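Enquirer: Please read through the structure below; I'll follow up with questions.
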Amino acid sequence: MTHGFVLFNSSLFYPLGAGLLVFSTTVAAAEAPFTYRVVLRADSSVSALLEQYLEIFKLKDNPRNSPEQLSRSLEFLPQAVADLLATQGYFNTKTVSEMKTEQGQTVVYIQVDLGKPVVIHDAKLNVSGAVRDNPERLAVLESRFQERSDAIIGTSFTQSEWDDLKKTHFSVVYGARLSCLSDEFE
């Protein structure tokens, strides 16, 4: 703690009185912000993704961070990792975290085991509605779907591939003002 003294000439405040006022103030020394270091042990193919999107990495340099906030982040970490890695085709991840104090600094160790990625073995197109009344249009749609789906058979599932496949085929349907299309992967 530090003490500061401020001197005022009381005649400025009390024109009829003479004297000197002394005010003492106490200023608390600023506390150092809570920080921590994260050690991530994960496959290099997903490390950058985890570091970019997980809350625990975003908060580590935040000056308003607290031990309580870190504890909450660690509590939800396994689900956050599972949700994020599901977009890359990993649906059986295991995440273990441990918080330690080393040489006065908080260190969080995170171990991520990916499990096996989901591999696309088959893709089917189910069509209903008005498109069935136009055999030529239906043939084009089925042909485009087959070409695209053949390219992804045997590859690992990713959310972006799934989204691209849907967008491509929904745009064909919507562009032709057709009523209904559903893509199913098994």
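Enquirer: How many residues, within region 46-60, are of a type in the set (Asp, Glu) and in contact with a Ser or Thr (Cβ under 7 Å, 6 or more places away or on another chain)? Explain how you work it out, then say what you get.
Expert: To start, the set of residues in region 46-60 that are of a type in the set (Asp, Glu) comprises 51, 55.
Adding the requirement that they be in contact with a Ser or Thr (Cβ under 7 Å, 6 or more places away or on another chain) leaves 55.
Looking only at that region, the number is 1.
Enquirer: Are there any pairs, at least 6 apart or on different chains, whose C-beta atoms fall under 8 Å, with the first in region 49-72 and over 12 Å from residue 36 (Cα atoms) and the second part of a loop (DSSP other than H, G, I, E, B), and if so, which?
Expert: Partner pairs satisfying both residue conditions: 49/88; 50/42; 64/33.
Enquirer: If you don't mind, there's one more thing I want to ask. Would you pick out the residues in region 90-132 that are touching a Ser or Thr at 6+ places or on another chain (Cβ under 8 Å) and among the acidic types (Asp, Glu)?
Expert: Answer for region 90-132, where residues must be touching a Ser or Thr at 6+ places or on another chain (Cβ under 8 Å) and among the acidic types (Asp, Glu): just 113.
Enquirer: Now, a different point. Pick from region 123-140 the residues that are more than 26 Å from residue 156 (Cβ to Cβ) and among the hydrophobic types (A, V, I, L, M, F, W, C): which of them is modelled with the lowest pLDDT? Explain how you work it out, then say what you get.
Expert: In the first step, residues of region 123-140 are kept if they are more than 26 Å from residue 156 (Cβ to Cβ); the result is 127-140.
If we keep only those that are among the hydrophobic types (A, V, I, L, M, F, W, C) as well, we get 127, 130-131, 138-140.
On the way: 127: 81, 130: 82, 131: 77, 138: 84, 139: 86, 140: 83.
If we take residues in region 123-140 being more than 26 Å from residue 156 (Cβ to Cβ) and among the hydrophobic types (A, V, I, L, M, F, W, C), then 131 is modelled with the lowest pLDDT.
Enquirer: Sticking with this one: Scan region 38-88 residue by residue and report those that are touching a strand residue (DSSP E or B) at 6+ places or on another chain (Cβ under 8 Å), among the acidic types (Asp, Glu) and in a helix (DSSP H, G or I).
Expert: Result: 51, single match.
Enquirer: Condition check: modelled with pLDDT of 95 or more, over 30 Å from residue 152 (Cβ atoms) and either among the hydrophobic types (A, V, I, L, M, F, W, C) or out of contact with any helix residue (DSSP H, G or I) (no Cβ under 7 Å at 6 or more places or on another chain) (or both). Does residue 77 satisfy that?
Expert: Details: modelled with pLDDT of 95 or more: yes; over 30 Å from residue 152 (Cβ atoms): yes; either among the hydrophobic types (A, V, I, L, M, F, W, C) or out of contact with any helix residue (DSSP H, G or I) (no Cβ under 7 Å at 6 or more places or on another chain) (or both): yes.
The answer is yes for residue 77.
Enquirer: Take the conditions free of Cβ contacts under 8 Å to residues at least 60 places away in the same chain, of a type in the set (Gly, Ala, Ser), assigned to a helix (DSSP H, G or I) and surrounded by 11 or more Cβ atoms within 10 Å (Cβ to Cβ) and apply them to residue 149. Does it pass? Lay out the reasoning, then the answer.
Expert: Details: free of Cβ contacts under 8 Å to residues at least 60 places away in the same chain: yes; of a type in the set (Gly, Ala, Ser): yes; assigned to a helix (DSSP H, G or I): yes; surrounded by 11 or more Cβ atoms within 10 Å (Cβ to Cβ): yes.
Here the answer is yes, as residue 149 does meet what is asked.
Enquirer: Test residue 144 against the stated conditions and say whether it is open to solvent by 50 Å² or more (accessible area, probe 1.4 Å), part of a helix (DSSP H, G or I), within 27 Å of residue 88 (Cα to Cα) and out of contact with any Gly (no Cβ under 6 Å at 6 or more places or on another chain).
Expert: Working: open to solvent by 50 Å² or more (accessible area, probe 1.4 Å): yes; part of a helix (DSSP H, G or I): yes; within 27 Å of residue 88 (Cα to Cα): yes; out of contact with any Gly (no Cβ under 6 Å at 6 or more places or on another chain): yes.
Yes; evaluated as a whole, the condition is true for this residue.
Enquirer: Consider region 91-124. How many of its residues are in contact with a strand residue (DSSP E or B) (Cβ under 8 Å, 6 or more places away or on another chain) and either closer than 30 Å to residue 67 by Cβ or open to solvent by less than 40 Å² (accessible area, probe 1.4 Å) (or both)?
Expert: 21
Enquirer: Sticking with this structure for a sec: Considering only region 18-68, state which residues are open to solvent by less than 50 Å² (accessible area, probe 1.4 Å), modelled with pLDDT of 90 or more and polar (S, T, N, Q). Please lay out each step first, then the result.
Expert: Filtering region 18-68 for residues open to solvent by less than 50 Å² (accessible area, probe 1.4 Å) gives 19, 34, 36, 38-40, 42, 46-47, 49-50, 54, 56-57, 59, 65-66.
Now narrow it down to the ones that are modelled with pLDDT of 90 or more: 36, 38-40, 42, 46-47, 49-50, 54, 56-57, 59, 66.
Residues satisfying the conditions are 47, 66.
The values are calculated or read from the model by the stated rules, or taken from the named source; none is laboratory data. Keep in mind it's a predicted model, so treat the numbers as computed, not measured. With ideal geometry, Cβ positions are generated from the backbone for all residues, glycine too; neighbour counts draw on all protein chains shown. To get the accessible areas, we keep the full protein, side chains included, count just its heavy atoms, and leave off ligands, DNA and RNA. Shrake-Rupley method; radii C 1.70, N 1.55, O 1.52, S 1.80 Å.
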